[in-house]
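The structure appears right after this line, and notes come after that.
All of the numbers you see were taken from the coordinates with simple rules; none came from a lab. Treat the numbers as computed from the prediction; the structure is a model and nothing was measured. Cβ: placed from backbone, ideal geometry, glycine included. Neighbour counts: every protein chain shown.
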Amino acid sequence: MDIFTYGFNKYSFINIFGNILLLAPLPILLYFNDFLNKVNSLKKVILICFSISLEIEILQYLQCYFNIAFIPRGSDILDLIFNVFGGIIGYFIMNIYIKLKIYIKNNKV
């Protein structure tokens with residue numbers, strides 16, 4: 001759904017927040033999987049989220065191009081942007097968790 005063509009409605013709201021929430025847990029899951037010890041910078045998290053989101057959008061485009069999609073859905077650059085933004089939010093949530101964990105450990109709260 002194109003926000004600029006159809007305006008902002010409840011489906012746009014669901015689309016935006018659905019795309020943000022799609023990859024928000026990814027940095028947190030990578031941290032708990034000990035993969036993020038090697039991927040500890042925001043730049044790397046953005047790169048991972050961008051590449052995963054790009055793969056999703058390419059698959060959506062190919063499904064529409066070859067007409068094999070069960071639910072007609074096109075690829076959209078805004079989906080890519082909101083997915084990466086969700087990954088960034090997840091990265092900051094993960095950093096807050098790490099800092100709280102260190103604070104509690106050091107202060108024995």
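Annotations
- Residue order for TYR103, TYR97, TYR91, fewest other beta carbons within 10 angstrom first, comes to TYR103, TYR97, TYR91.
- Backbone geometry of the stretch 80-96 corresponds, through the Karplus equation with coefficients 6.51, -1.76 and 1.60 at θ = phi - 60°, to 3J(HN,Hα) couplings of 4, 5, 5, 5, 5, 4, x, x, 5, 4, x, 5, 5, 4, 5, 5, 4 Hz, x marking Gly and Pro.
- Whole-Hz ³J(HN,Hα) from phi, Karplus 6.51 cos²θ - 1.76 cosθ + 1.60, for the stretch 50-65, glycine and proline x: 5, 5, 5, 5, 5, 4, 4, 5, 5, 5, 5, 5, 5, 4, 6, 5
- Estimated dipole of the stretch 8-107 in Debye, rounded to 20 [Cβ of Lys and Arg +1, of Asp and Glu -1, Cα centre]: 480
- Percent of Cα pairs in the chain per distance bin of 5 Å, from zero to the largest separation: 2, 12, 17, 18, 16, 13, 9, 6, 3, 2, 1, 0.
- Between ILE77, LEU30, GLY18, the Cα set farthest toward the positive side of the dipole of the stretch 8-107 (charges on each charged residue's Cβ, about the Cα centre) is that of LEU30.
- Annotation: aspartates and glutamates with alpha-carbon distance below 17 angstrom to LYS44 (same-chain offsets under eight excluded): ASP34, GLU55.
- Taking the fewest neighbouring Cβ atoms within 10 Å as the starting point, the ordered list for LEU100, LEU80, LEU54 is LEU100, LEU54, LEU80.
- Environment charge of LEU26, counting only residues whose C-beta is closer than 14 Å and scoring Lys/Arg +1, Asp/Glu -1: 0
- When the chain is treated as a Gaussian network with alpha carbon springs shorter than 10 Å, the biggest mean-square fluctuation among ILE58, ILE89, ILE71 belongs to ILE71.
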